[in-house]
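K.L.:
Quick one: this structure, given as structure tokens, is what I'll be asking you about.
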Amino acid sequence: MNRYLKLVNLEVSRVAKVLFGGLAALFIIQMIGVWITSNQYMSRANEAIMNGESVQSIVDNYSYMSMLSFSDKIYFIGPIALCVGAVFFYIFLIWYRDWSGKNTFIYRLLMLPTARLSVYFAKATAIMIIIFTMVAAQMVFILIESSFMELLTPAEYLKEATISQMASYNIYLYYIIPGTFTEFILYYGGGFIVLTVLFAAILMERSFRWKGLFLGLIYIAFAVFLTLSPIGVLIMLDKADYFYPSEVVYMTIASSMVTGALSVWISHYLLNKKVTV
């Protein structure tokens, strides 16, 4: 366990500067977005006031200024989408960078006096830590941005919104900040299973090179098929209405867990028997 924690610390420390730099950029862009959006709103409001409109008329025509409306802006969604893309890219980079260079770092990792599966889980844990750090930071940023919006916008034009209200309003944000603990487990548990599938595909490529690339793509397709197989079987048998929706969800969760377990087993086998440095 101690060696595993050291490996996790190593993996996180290798990306910490980039992570915090990315979070700083996300925060700055969103704060600039709040400033631009609030000023644009107040410019329209002031122009309407000059034309003799009342505050209520302005609110009726333009709605209230709030974090709800801001959550649809490119200033808010754009940086989040870039962070999601960066995490997806890093899922591959966390393995491939260890093979780069003249003296490959993966050689030292695999020669450590610990189970090779510890290296695997350390990398997976590091990815999840990065994701949860980003989510927690975004929640804090929303609170700061909300306070900043209150400073820029008079109270009569402003409508307060909580994080949960924003998540309910914006479907993309809802997948990042689920409304219930059950949904949190489902979304992030599903994300972890996707991570294990991608790790297995990467290790296939590293084990068999060009053949492994095609094997990895085939395995990803097979993993999707296996995960969705309960739904497919019910449709083929014309029994889709035979079970309650919750029962179909439970069957899909079970098939997803099988997919995740299979992916971990394949990765364990490849790390011990096939991966070369």
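K.L.:
Residues with amide H under 5 Å of Tyr64's amide H, sequence separation 5 or more or different chain, H placed in the peptide plane at 1.01 Å from N; which?
P.N.:
none
K.L.:
Using the alpha-carbon atoms, what tilt in degrees (0 to 90, nearest 10) does helix 116-152 show relative to the longest principal axis of the chain?
P.N.:
0 degrees
K.L.:
Next question. For the residue pair Val84 and Ala136, what label-to-label distance in nm results when each label sits 7 Å from Cα along the Cα-to-beta-carbon direction?
P.N.:
2.2 nm
K.L.:
Top mean-square fluctuation among Ser13, Ser43, Ser256, Gaussian network model of the chain, C-alpha springs under 10 Å?
P.N.:
Ser43
K.L.:
With a 10 Å radius around each residue's Cβ, average the other Cβ atoms per peptide and rank 66-72, 34-40, 51-57, highest first.
P.N.:
Averaged packing, sorted descending, gives the order 66-72, 34-40, 51-57.
K.L.:
Right, something else. If you split all Cα-Cα distances of segment 1-177 into 10 Å bins from zero, what percentages do you get per bin, shortest first?
P.N.:
Histogramming segment 1-177 at 10 Å steps yields 9, 30, 24, 17, 11, 6, 3, 0 percent.
K.L.:
Per q in 0.23, 0.27 1/Å, what log10 I(q)/I(0) does a Debye calculation on the alpha-carbon atoms of segment 170-230 return?
P.N.:
-0.88, -1.00
K.L.:
With each label point set 7 Å from Cα along the Cα-Cβ vector, what nm distance links Ile32 and Met1?
P.N.:
Those two pseudo-labels are separated by 4.6 nm.
K.L.:
While we're looking at this one, here's another question. Provide the gained length on full extension for the span Tyr107 to Tyr62, in nm with one decimal, where the gain is 0.36 nm per separating residue minus the Cα-Cα distance.
P.N.:
The span from Tyr107 to Tyr62 would gain 10.1 nm if fully extended.
K.L.:
Could the peptides 186-197, 152-163 be put in order, highest first, of the mean number of other beta-carbon atoms found within 10 Å of their residues?
P.N.:
Top of the packing list down: 186-197, 152-163.
K.L.:
Through the Karplus equation 6.51 cos²θ - 1.76 cosθ + 1.60, θ set to phi - 60°, convert the phi angles of segment 153-161 into ³J(HN,Hα) values in whole Hz; use x for Gly and Pro.
P.N.:
Result, rounded to whole Hz: 10, x, 4, 5, 9, 9, 10, 6, 9.
K.L.:
How large is ³J(HN,Hα) for each residue in segment 223-231, as worked out from phi by the Karplus curve 6.51 cos²θ - 1.76 cosθ + 1.60 (θ = phi - 60°), to whole Hz, x for Gly and Pro?
P.N.:
Calculated HN-Hα couplings, in order: 5, 5, 4, 5, 5, 8, 4, x, 5 Hz.
K.L.:
Just Ala254, Ala167, Ala201 to compare: in a GNM of the chain, with alpha carbon springs under 10 Å, which one fluctuates most?
P.N.:
Looking only at Ala254, Ala167, Ala201, the largest GNM fluctuation is found for Ala254.
K.L.:
Angle between the Cα long axis of helix 74-96 and the longest principal axis of the chain, 0 to 90 degrees, nearest 10?
P.N.:
So the inclination is approximately 10 degrees.
K.L.:
Roughly what angle does helix 2-50 make with the longest principal axis of the chain, taking Cα atoms, 0 to 90 degrees, to the nearest 10?
P.N.:
Approximately 20 degrees, to the nearest 10.
K.L.:
Next up: Take the Cα pairs of segment 180-277, get the Kirkwood Rh, then feed it into Stokes-Einstein at 10 °C and 1.306 mPa s and tell me D in µm²/s.
P.N.:
109 µm²/s
K.L.:
Using just the alpha carbons, could you tell me how many Å³ per residue the convex hull of segment 90-165 encloses?
P.N.:
130 Å³
K.L.:
Which aspartates and glutamates, if any, have their Cα less than 18 Å from the Cα of Lys239, not counting same-chain residues under 8 positions apart?
P.N.:
Excluding near neighbours in sequence, the set is Glu247.
K.L.:
GNM on the chain, C-alpha springs below 10 Å: top fluctuator among Ile80, Ile32, Ile177?
P.N.:
Top of the fluctuation ranking is Ile32.
K.L.:
For Val258, put the label point 7 Å out on the Cα→Cβ axis and report which residues of segment 202-240 keep their amide N under 13 Å from it.
P.N.:
Within reach of a label on Val258, which here means backbone N under 13 Å from a point 7 Å along Cα→Cβ, segment 202-240 contributes 223-234.
K.L.:
For the chain, what's the relative contact order in percent, using C-alpha pairs closer than 8 Å and at least 6 residues apart?
P.N.:
22 percent
K.L.:
Extending each Cα 7 Å along its Cβ direction at Val18 and Asn46, get the distance between those two points in nm, one decimal.
P.N.:
Distance between label points: 4.3 nm.
Read-outs: derived from the displayed coordinates by stated rules, not from any lab. Bear in mind that the values here come from a model prediction, so they are computed numbers and not experimental data. We place every Cβ from the backbone using ideal geometry, glycine too, and count neighbours over all the protein chains shown.
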